[in-house]
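We did not get these values from a lab; they are worked out from the coordinates using the rules stated. The structure presented is a predicted model; accordingly, all values stated were derived computationally and were not measured. Cβ placement follows ideal geometry from the backbone for every residue including glycine, while neighbour counts extend to all protein chains displayed.
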Amino acid sequence: MEYMERQEGYSMGDEIPRELLEPVTQSERDLDEIDRPSISYWENCWLRLKKDKLAMFGLGVIVVITLLAVIVPIVSPYSYDQTDFAHMLEWPSLAHPFGTDKMGRDIFVRTMYGARISLTIGFTAAAINMVIGVLYGGIAGYLGGMTDMIMMRIVDILSGIPSLLYLILIMMFLGNTIQSILIAMCLTFWITTARMVRGQILTLREQDFALAAKVCGQSRWQILIHHLIPNSMGAIIVTVTFLIPQAIFQEAFLSFLGIGIQVPKASWGTLANDAVEYLFTYPYQMLFPAFAISITIFALNFIGDGLRDALDPRLKK
């Protein structure tokens, strides 16, 4: 009390200035208000992501490629499987911006159509593997004990099988279709997500909010779905973002080997496979699909790096 009196400049016996007893005006109250509105965690993440130039560049690239993949095959006068033997192996021109292939097909339209297939496989495989990996890793991490040990030993066995081996076997039995590629990718792509989610759940299940939910009578499933997994979404989103370029590259690799998407359908891997025999005489045929694969994978990796920094609570300002 004495300290406060000295700070104010008067003691208990002094007369309090009259202006200190007058009510505060509305303008004086407004001066004490916080002008900056409160924002949520996800709003803060978006604001921080927008400051990452590489991440925004990658996001812009993906949006542009997606729009081109949707619009170009619709508005173009050529179709992806239309042959024209009078214009075979033409170099890029106004009529054919990416040139034509050995069958006279327009490479620009085929590249954009291939973007449809490659992006569809990439995003669909990542989404399916996210669901499988999150549930599998979440159950293993939350239940623990013998259940956790058995489930993780299964993961170890699956990760020890060469992925290319079962990919080829599945394509042989189910055919070269988009569905068979997705089935092949969904067999083990979820392992990375499952291991990551398990580690997150093992840490979060002992936190106070999880124990409080248990005391309130919520079941294990409710605690896992409504509390533990939502608190792991930052790491899950980052992991899934990096799964997309892996799936795109895997599909392109299979098509390049001739066991993926088959002609006349086009994917980036199929276009690269067709261009191999003309690599030195007509290099433009390899240039455009290879560039499309590279720029897409780079863009998705930029987005993943940006999300990793934006979603990290330790970097929150």
Checklist entry - Given 5 Å bins starting at zero, what is the percent of C-alpha pairs of the range 158-317 in each, up to the one with the largest pair distance? => result 1, 8, 13, 14, 14, 13, 11, 9, 6, 5, 3, 2, 1, 0, 0
Checklist entry - Based on the Kirkwood radius over alpha-carbon pairs, what value in µm²/s does the Stokes-Einstein equation return for the translational diffusion coefficient of the range 144-236 at 25 °C and 0.890 mPa s? => result 158
Checklist entry - What does the convex hull of the Cα atoms come to per residue for the range 139-191, in Å³? => result 76
Next on the checklist: Which three numbers, in whole Å and largest first, are the semi-axes of the equivalent ellipsoid of the range 83-224 derived from its Cα gyration tensor as √(5λ)?
Outcome noted: 47, 18, 10
Item to check | Check: the range 109-315 dipole with +1 on Lys, Arg Cβ and -1 on Asp, Glu Cβ, in debye | outcome: 340
Checklist entry - In a GNM of the chain with a 10 Å cut-off on Cα contacts, which of Ile244, Ile293, Ile223 has the highest mean-square fluctuation? => result Ile223
Next on the checklist: With a 10 Å cut-off between alpha carbons and a GNM built on the chain, which of Phe189, Phe123, Phe291 moves the most?
Outcome noted: Phe291
Checklist outcome for this item: Calc'd 3J(HN,Hα), the range 206-218, phi into Karplus 6.51 cos²θ - 1.76 cosθ + 1.60 (θ = phi - 60°), Hz, glycine/Pro = x, comes to 9, 6, 4, 5, 6, 5, 5, 5, 5, 5, 6, x, 6
Checklist entry - Which loop-located GluC sites (Glu not before Pro) does the range 32-130 contain, where loop means any DSSP state but H, G, I, E or B and the Cβ has at most 15 other Cβ atoms within 10 Å? => result Glu33
Checklist entry - In which sequence would Ser255, Ser163 go, from the one with the fewest C-beta neighbours within 10 Å to the one with the most? => result Ser163, Ser255
Item to check | Overall dimensions of the chain by Cα: Rg and Dmax, Å | outcome: 28.9, 107
Checklist entry - Taking the chain as a Gaussian network, Cα atoms linked when under 10 Å apart, which of Ile62, Ile71, Ile157 shows the biggest mean-square fluctuation? => result Ile157
